[in-house]
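Notes to accompany the following structure.
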Amino acid sequence: MRKLIAVTAPSGAGKTTIVRHLLSKYDNLDFSVSATTREIRKKEVNGKDYYFIGVEKFKHKIKEGAFIEWQEVYENQFYGTLKSEVDRLWMMDKDIIFDIDVKGAVNIKKMYPESLCIFIKPPSFEVLENRLKNRKTETPKSLAKRIGRVKNEMTYENKFDIVLVNDVLEVALKEAEKIIENFVNS
């Protein structure tokens, strides 16, 4: 049976870095590309990083029942996992790894109780805030919104199977490898 692994964290905790590392290390893993209505960022590729779709099309897909899970993260800024994406990866006989927000991970765990949900935790709120600022990928207004969300996202830690602290990246990557190997081989 193929495995589902949801990696979640507050913005800036390092989940995408960890997911990319795991994808480069394990051939049996493939990435579930989420859909979003947010603007594409520099260096992102449609269909690789996200499926970038308009708000109306996203809302239409919600009505059709096309999503396993979805969230309106900010007003008219939606994120979700398409059923067709999971089906596509399972047809390829792959274990699926999700890079997903905390509410999405909770919903995946509800829908697939056998999945593994890993919460990536920063060493402190201050470190996380500095990481977000140093990215320089957002406007001051969107950065302030994101930092406001982080405090709430940190409260989700106890809802997941494993908490992995990302203080020293190399250590966190090795710990993530052990977690994945134990789960996939169980």
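Kindly indicate whether ILE62 is assigned to a strand (DSSP E or B) and either out of contact with any strand residue (DSSP E or B) (no Cβ under 9 Å at 6 or more places or on another chain) or of a type in the set (Val, Ile, Thr) (or both).
no
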Report task. Output yes when any residue across region 115-138 is part of a loop (DSSP other than H, G, I, E, B) and of a type in the set (Phe, Trp, Tyr), and no when none is. Result -> no
Report task. Select from region 1-45 the residues that are among the hydroxyl-bearing types (Ser, Thr, Tyr), closer than 15 Å to ILE97 by Cα and assigned to a loop (DSSP other than H, G, I, E, B) and write down the one among them that is farthest from the chain's Cα centre (by Cα). Result -> TYR26
Query raised in the report: From the set of residues in region 71-85 that are assigned to a strand (DSSP E or B) and of a type in the set (Ser, Thr, Tyr), which is surrounded by the fewest Cβ atoms within 10 Å (Cβ to Cβ)?
Result: TYR74
Query raised in the report: Out of (1) acidic (Asp, Glu); (2) in contact (Cβ under 8 Å) with a residue 60 or more places away in the chain; (3) in a loop (DSSP other than H, G, I, E, B), the odd one out for GLU153 is which?
Result: (3)
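Yes/no per residue for (1) touching a Gly at 6+ places or on another chain (Cβ under 8 Å); (2) surrounded by 12 or more Cβ atoms within 10 Å (Cβ to Cβ); (3) small (Gly, Ala, Ser); (4) under 20 Å from ILE180 (Cβ atoms):
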residue	(1), (2), (3), (4)
ALA35	yes, yes, yes, no
PHE58	yes, yes, no, no
ASP87	no, no, no, no
ALA105	no, yes, yes, yes
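Read-outs throughout are calculated quantities, based only on the coordinates presented, and are distinct from any laboratory measurement. As the structure is a computational prediction, the values presented were derived from the model and not from experiment. In this analysis, Cβ positions are derived from the backbone assuming ideal geometry, glycine residues included, and neighbour counts consider all displayed protein chains.
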